[in-house]
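Structure first, commentary second.
The values are calculated or read from the model by the stated rules, or taken from the named source; none is laboratory data. Not measured: the values here are computed from a predicted model. Heads up, the Cβs are rebuilt from the backbone with ideal geometry, glycines too, and the neighbour counts pull from every protein chain shown. Side chains included, ligands, DNA and RNA excluded: accessible areas come from the protein's heavy atoms. Shrake-Rupley method; radii C 1.70, N 1.55, O 1.52, S 1.80 Å.
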Amino acid sequence: MSTEVVCLEISQIDAASETLAHAFNNDPTFRYFTPEQEQARINAIKLLAKTALRYSQPYNHVYTTTNELKGVAVWIPPGEYPLNDLRLVQLGLYALPFKLRLSRIRQLISLFLTIEKHHKQDLSQPHWYLFMLGVSPTYQSQGIGSLLLQPILNQADRERLPCYLETSTEGGVRFYQRLGFEVVRIGSLPEANLKFWTMMRSPQQEK
């Protein structure tokens with residue numbers, strides 16, 4: 001049975017946040033800021049994912065797979081960035097600090113502000129922003145991530161608009177480079193030995 005990409009339904013947000021939580025369970029940034037105990041870490045990531053999904057779903061550019069949620073791609077459309085921080089808080093982000101390592105909250109805020117500053121500097125024109133992309137560990141390395149991104153990558157090409165994202169792993173950099181993204185800058189949180197990359201994809205010419 002072939003895998004097809006569809007827009008996420010509101011009724012699927014809980015299941016999608018669970019998928020994203022497991023997808024990011026081993027991400028170095030999430031592991032640093034969330035509890036060591038695995039279930040507590042997954043619960044924290046799930047809350048963040050659910051907030052991102054609830055924020056993004058009204059734009060109708062959150063994508064998943066038919067039948068089984070193998071992965072989720074969350075896009076913010078042109079003209080809707082910067083994100084509305086107050087709306088994020090109202091949708092559930094207010095509870096996140098209580099699920100994180102409290103001693104590292106200040107570092108997290110600093111990292112978030114740095115990434116947001118870079119985003120604004122890197123790309124001020126209208127663009128598509130990949131808010132989150134995660135694939136269930138069961139289905140990783142099977143082309144699901146690339147498949148989930150195709151609807152917006154194709155639309156961005158037609159509209160002649162760039163796409164933008166951040167990633168926190170070298171594997172993520174290589175994955176996105178295969179899809180036409182290029183590294184804009186490399187940032188770090190030295191005291192935590194964490195790195196992040198901002199990446200941009202210019203509109204691709206039709207083959």
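Got a sec? Which helices (runs of 4 or more DSSP H) wholly within the stretch 1-73 have at least 2 residues that are among the aliphatic types (A, V, I, L, M) and either more than 23 Å from N154 (Cα to Cα) or open to solvent by less than 50 Å² (accessible area, probe 1.4 Å) (or both)? Give the steps one after another, and end with the answer.
Working: elements: 13-23, 28-33, 38-56.
The qualifying helices (runs of 4 or more DSSP H) are 13-23, 38-56.
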### Tabulated pairs, the stretch 13-31, first among the acidic types (D, E), second surrounded by fewer than 18 Cβ atoms within 10 Å (Cβ to Cβ), C-beta under 6 angstrom, 6+ apart or interchain
none
### Query
In the set S56, S17, which member is under 20 Å from P137 (Cβ atoms) and of a type in the set (S, T, Y)?
S17
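Against the definition (small (G, A, S), more than 20 Å from I42 (Cα to Cα), in contact with a helix residue (DSSP H, G or I) (Cβ under 7 Å, 6 or more places away or on another chain) and not in a helix (DSSP H, G or I)), how does G187 come out, yes or no? Give the derivation first.
Values: small (G, A, S): yes; more than 20 Å from I42 (Cα to Cα): yes; in contact with a helix residue (DSSP H, G or I) (Cβ under 7 Å, 6 or more places away or on another chain): yes; not in a helix (DSSP H, G or I): yes.
It is true that G187 is small (G, A, S), more than 20 Å from I42 (Cα to Cα), in contact with a helix residue (DSSP H, G or I) (Cβ under 7 Å, 6 or more places away or on another chain) and not in a helix (DSSP H, G or I).
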### Task
Within the stretch 139-147, identify whether any single residue is open to solvent by 60 Å² or more (accessible area, probe 1.4 Å), out of contact with any helix residue (DSSP H, G or I) (no Cβ under 6 Å at 6 or more places or on another chain), at pLDDT 95 or above and in a strand (DSSP E or B), and answer yes or no.
no
### Query
From the set of residues in the stretch 185-207 that are under 15 Å from L130 (Cα atoms) and of a type in the set (A, V, I, L, M), which is least open to solvent (accessible area, probe 1.4 Å)?
M199
### Task
Examine the stretch 104-111 for a residue that is in contact with a Ser or Thr (Cβ under 8 Å, 6 or more places away or on another chain), outside any strand (DSSP E or B) and either without any contact (Cβ under 8 Å) to a residue 60 or more places away in the chain or open to solvent by 40 Å² or more (accessible area, probe 1.4 Å) (or both), and state whether such a residue exists.
no
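For the stretch 92-136, what are the residues that are of a type in the set (S, T, N, Q) and at pLDDT 95 or above?
Taking the stretch 92-136 as the starting set, the residues that turn out to be of a type in the set (S, T, N, Q) are 103, 107, 110, 114, 121, 124-125, 136.
Across the stretch 92-136, the qualifying residues are Q121, Q125, S136.
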#### Entry: Verdict on L130 being in a strand (DSSP E or B), in contact (Cβ under 8 Å) with a residue 12 or more places away in the chain, in contact with a Phe, Trp or Tyr (Cβ under 9 Å, 6 or more places away or on another chain) and open to solvent by less than 10 Å² (accessible area, probe 1.4 Å)
yes
